[in-house]
1. Give the order of Met143, Met90, Met187 when sorted by the count of other beta carbons within 10 angstrom, beginning with the fewest.
2. Please give the calculated 222 nm ellipticity per residue for the chain, where each DSSP H segment of at least 4 residues contributes -39500 (n - 2.57) and the sum is spread over every residue; nearest 500 deg cm²/dmol?
3. Counting other beta carbons within 10 Å of each residue's own, what order do Arg332, Arg206 fall into, fewest first?
4. State log₁₀ I(q)/I(0) for the range 234-338 at q = 0.11, 0.17 Å⁻¹ as given by the Debye formula over alpha-carbon point scatterers of equal weight, solvent excluded.
5. Return Lys134, Lys33 ranked ascending by Cβ neighbour count within 10 Å, so the fewest neighbours appear first.
6. Out of Gly96, Gln70, Phe80, whose Cα points farthest toward the positive end of the dipole of the chain (charges: +1 Lys, Arg; -1 Asp, Glu; placed on Cβ)?
7. DSSP loop (so not H, G, I, E, B), at most 11 other Cβ within 10 Å: list which trypsin sites (Lys or Arg not before Pro) in the range 66-110 pass both filters.
8. Sort the chain into rounded, prolate or oblate with this rule: let a ≥ b ≥ c be the square roots of the eigenvalues of the Cα gyration tensor; rounded if a/c is under 1.5, and if a/c is not under 1.5, prolate when a/b is larger than b/c, oblate otherwise.
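Please treat every number below as a calculation from the coordinates, not as lab data. Quantities reported herein were computed from a predicted structural model and do not represent experimental measurements. All Cβ positions, glycine included, derive from the backbone under ideal geometry; neighbour counts span all protein chains shown.
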Amino acid sequence: MTSTQAATILDRDVELLDRAAGVTAALRGQVEKRIVGQRDVVDELLVALLANGHVLLVGVPGLAKTLLVQTLAEALDLDFSRIQFTPDLMPTDITGTEVIEEDRTTGKRVFRFQKGPIFANIVLADEINRTPPKTQAALLEAMQERAVTVAGENFPLPPPFFVLATQNPIEQEGTYPLPEAQLDRFMLELPIYYPSKSEEEEIATRTTGEEEPHVQPVVDAQGLIDIQGLVRRIPAPPSLVSFAVRLARSTRPGDEASPVASKYVSWGAGPRASQFLVLGAKARAASRGAPLPSYDDVRAVAPAVLAHRLVLNFEAEADGRTTRDVISELLRESEGWA
């Protein structure tokens, strides 16, 4: 590669970095037309979008989880589909199925694959824990492979491909909790909490009025793919990678475990957590137009990356410690590492 080519690529990425920051700000502005508060959730959702990672949204009913996803889909000029997960949902209801058709020219009957709702750029898997494991696995396999295999034939999913699943944490009767191995497919787990008093008053005012906010598309598929490619090209300093790996490894009981993990954690985060800590830090840097991620970027994405990857022990339950309590203490311990 010549120096001229290198300079051209560098200039292209600098321009694209500025565009990534502009697109992130514009998407945030469009989402805020309908969503009151939840700024941290929106920011982390956009980080996952830039990193090309899937997200699990956890919150009680009525906190606008579905509205948030629908609004983001409108702000992206992409194909969107919603799948309402129910106990009788079958894998083929998600992936699609083969149907028999008659060829009008020959009169012969042939099989044709009819694509299911998974063939979209943004897929909302609503109440994912309400469907049996067989159907959950069909979605999660597509999330990992970004393709569907039917009758031995592989059908790639259209890029970009982004799954947002919602889950209600309080209604457990008649549900099928996702196993840890399947939870690991999600880059981030984002909890959605109740709004503040002033935010709830704003929500009540907005949603009972006559005006319906109009959301404008901000970026198309190719524009988003370009930004996602940029995130991959952003360099991560070796010291930052070492910090992210140490953070993930410190959650695993053993010689490298932190004191809080040794006391409260039965099973720690796997290698995918290290990958997502680095990738999330890169995406967070790109979202503000920064050419390099920082330790603070790693710490900022750590709660959402690690929360669904730690299994706490009985002592944690006895002491009233949640997963995010443990992560917060772990992050305080990490301040002296770098």
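1. Fewest-to-most Cβ neighbours within 10 Å comes out as Met90, Met143, Met187.
2. -15000 deg cm²/dmol
3. Ranked by crowding around the Cβ, least crowded first: Arg332, Arg206.
4. Log-scaled intensity ratios, in q order: -0.31, -0.70.
5. Ascending Cβ contact count within 10 Å gives the list Lys134, Lys33.
6. Farthest towards the positive end: Gly96.
7. For trypsin sites (Lys or Arg not before Pro) across the range 66-110 that sit outside H, G, I, E and B with at most 11 neighbouring Cβ atoms in 10 Å, the list reads Arg104, Lys108.
8. Since a/c stays below 1.5, the shape of the chain is classed as rounded.
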